[in-house]
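The values are calculated or read from the model by the stated rules, or taken from the named source; none is laboratory data. Keep in mind the model is a prediction, meaning the values are calculated, not measured. Here Cβ is always computed from backbone atoms with ideal geometry, including for glycine, and neighbour counts include all displayed protein chains. Keep in mind that these areas ignore ligands, DNA and RNA; they rest on the heavy atoms of the full protein, side chains included. Shrake-Rupley method; radii C 1.70, N 1.55, O 1.52, S 1.80 Å.
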Amino acid sequence: MVEEKILDAIRRGEVEETRELLKEFKGDIMELLKKAVQVMRELGDRFEKGEIYLPDIMMAAEAFEVLVEKLKSQRGREALKPLGRVVLATVQGDIHDLGKKIVATMLAAEGFEVIDLGRDVPAETIVECAVKNKADIVGTSALMTTTLIEQKKVKEALDRAGWRGHYFIGGGATSDEWAAEIGAIRGEDAIDAVRKAKMVLGIK
Amino acid sequence: MEFLDIWNKAVNGPEKSEKSFDMTIYKKALELKRKYDIVFDKSYGFRIDKSMARDLYNAGLELFLELGCYCVSTKRIIKLSEEEVKNELKIVKKTIKIGKGRDEVEIGGERKVAIIGGPCACPVSEEIFLDVMFSYANDIKVDGVMPGKLTRVKGLEISSRTPIEMLSVREEASLTRAAIEKANRPGMPILGITSVSSEASNFSHGSDGLRDTDLHEIDPINELKVDMETLKRILFCKRNNLPTASVMCPIVGGFAGGPEETAIVSVAEALQGFTIIGAHVFILGVNDINTGSGTDSKSLWVSGSVLLALKEMLSLPVGTLIWAAAGPCTEMVLYEIVTKSIIDSACGSNVIVGTGCTRGRLIDCYTGMEAKIMAEAVQSAQRLRFDDVIEVSRILLNNYEKKLLKREIPQPKSFKECYFDGKPSKEYIELWEAFKKKVLEIGLEMES
């Protein structure tokens, strides 16, 4: 009963309600987390169909995070090993970060640890963060054709720094041809990016 | 509003994290949607409710007064009092003249709807940039032009925050000026030109670039945000006493939420434009998060409803920018442009800007024909009553919206495939003429 209420509160993005209900929860929190991940996936599907909107997903992700924090506090931070660590940024010169935020929210909901560096981020900052945090994936977004070149610069800088992860690109200006040219993996949209992130890390 | 007043608010206003501001927008818009009973109802087909205009405006005003505008650089909120907003709105002129001499255009009031044609900052190759811009400037039905974005300049890659970016923006301006001179319309106004860097945007201004009589574009950030670059651009335009347009492209399904919430936020963004940005014209380029275009029912409803609300409550110069999913020489793009143009002009848009075909994704897929289509569609809508425009739009939507939502977008033709010796191809003209015959049957009469 409480479990259903918690999942419903997450679905509705009610952070405080989720927090209060978790105080009453006596079951296996790991099992609850697995069900909450399903809820987030379900919301992702509905978002893709245009039935719900970005803020609905963002609020649900916040409520979901309350559950993750609870689990970490109960079982220690090591209890919840992320599926992988992802560094995301919109490239320098581009301030459009809506798509990147959707990807960040979806990845976090799937269990990835996401470091979102924001918009208009220089290549050096992205590389420094990726190396320092031993990121498995680096993803950059470019909406404008004129900022595409920055994605190439990030890839080159990552290679120079000796980083050995998977480089993802996305955004309205990108194409599969561009991804092939610079040696990147392209996410067509947030759902596709999550699917490919799991695939390259061998997660089923 | 004095620039230093805005600056003072940007550095001393209430602090907030960006994430928290984003979430507050949606929650507040949702609350106001319920309070004012703002409803997007598709159950009886596409429609726009004129009687909702006042409530929508009041919801947008309430949202703007409560939330203000977020400065992402200082992480503070620029908040205006109700009195400040009212005072600022009082001093905005009801009409604005742009351009020079016989090419001068007046925007606002009961004047004819102005047509500003161009690729709207979508990518265009350097070797055909002048020809593309000429295709717009050379059409007599087009009143002004909005340049595309160069993909390279002098053969060089354009990298942000470099002198080459500045050079590219100036080159866009000077090539556009060369195009309007070639078309023998030297005073024709140019709308533009922005870049993320204010240095580059401001560098578009000069003897061979944009002049004091052109319409200088300032782009705030989605939704209800500015940054240091926007503030620098505002200062540049204010200090030089330049005519300005605040161009805002809200995303249905984005930070604001669904269509109703996006409409409320869009009204707030118009108020932000006329007050904080200090714009003479507010231009709205609604697009949908899934389709990327502004021609689906939700986006059309948002745009039309907001224009109606602004017309009824403010009567200040407002415009609309067209984002289409399809590209040149396809029947789908004709449907998209005509539907959007007739709805927005009937809802009070003083200027129509476009068309950003292919959602701005493809290089060189923008031609003057799209602007001619906008102009002829607007003319035809002016012969119809408001309710008839909506009825016609409903039929037009039935012809393309399903494909749009399923992302079944036809392959467009490029400029080089559509224009020869400065004139549209026979194929494109015949497609348009056949389309006009087809829509005549549903009551949309366009000049041949």
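Values as computed for the structure displayed
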{"quantity": "Output for the stretch B:170-194, where each listed residue is at pLDDT 95 or above, of a type outside the set (Ser, Thr, Tyr) and open to solvent by less than 20 Å² (accessible area, probe 1.4 Å)", "calculated": "B:GLU172, B:ALA173, B:ARG177, B:ALA179, B:ILE180, B:ALA183, B:GLY187, B:MET188, B:PRO189, B:ILE190, B:LEU191"}
{"quantity": "Condition broken by A:GLN74, with the remaining ones in (1) open to solvent by less than 50 Å² (accessible area, probe 1.4 Å); (2) over 21 Å from A:ASP192 (Cβ atoms); (3) in contact (Cβ under 8 Å) with a residue 40 or more places away in the chain satisfied", "calculated": "(1)"}
{"quantity": "Residue that is within 17 Å of the chain's Cα centre (by Cα) and open to solvent by 20 Å² or more (accessible area, probe 1.4 Å), where the choices are B:ASP139, B:ASP143", "calculated": "B:ASP143"}
{"quantity": "All positions within the stretch B:203-226 that are surrounded by fewer than 23 Cβ atoms within 10 Å (Cβ to Cβ) and away from chain A (no Cβ under 14 Å)", "calculated": "B:PHE203, B:HIS205, B:GLY206, B:SER207, B:ASP208, B:GLY209, B:ARG211, B:ASP212, B:THR213"}
{"quantity": "Helices (runs of 4 or more DSSP H) within the stretch B:1-81 that include 3 or more residues within 14 Å of another protein chain (Cβ to nearest Cβ), within 28 Å of B:THR295 (Cα to Cα) and without any contact (Cβ under 8 Å) to a residue 24 or more places away in the chain", "calculated": "B:18-35"}
{"quantity": "Selection within the stretch A:164-174 - over 15 Å from the mean Cα position of the chain (by Cα) and either surrounded by fewer than 19 Cβ atoms within 10 Å (Cβ to Cβ) or not in a loop (DSSP other than H, G, I, E, B) (or both)", "calculated": "A:ARG164, A:GLY172"}
{"quantity": "Tabulated pairs, the stretch B:151-163, first more than 9 Å from chain A (Cβ to nearest Cβ), second of a type outside the set (Phe, Trp, Tyr) and in a loop (DSSP other than H, G, I, E, B), C-beta under 8 angstrom, 6+ apart or interchain", "calculated": "B:ARG152/B:SER125; B:ARG152/B:ILE158"}
{"quantity": "Test: residue in the stretch B:351-360 that is polar (S, T, N, Q) and assigned to a loop (DSSP other than H, G, I, E, B)", "calculated": "no"}
{"quantity": "Residue that is nearest to the other protein chains (Cβ to nearest Cβ), among those in the stretch B:256-283 that are open to solvent by 10 Å² or more (accessible area, probe 1.4 Å) and over 14 Å from B:LYS298 (Cα atoms)", "calculated": "B:GLY278"}
{"quantity": "Single match in B:VAL338, B:VAL333, B:VAL302, B:VAL306 (criterion: in a helix (DSSP H, G or I), at pLDDT 95 or above, within 14 Å of chain A (Cβ to nearest Cβ) and surrounded by 24 or more Cβ atoms within 10 Å (Cβ to Cβ))", "calculated": "B:VAL302"}
{"quantity": "Among residues of the stretch B:1-24, those that are farther than 16 Å from B:ARG76 by Cβ and either open to solvent by 50 Å² or more (accessible area, probe 1.4 Å) or of a type in the set (Val, Ile, Thr) (or both), counted", "calculated": "1"}
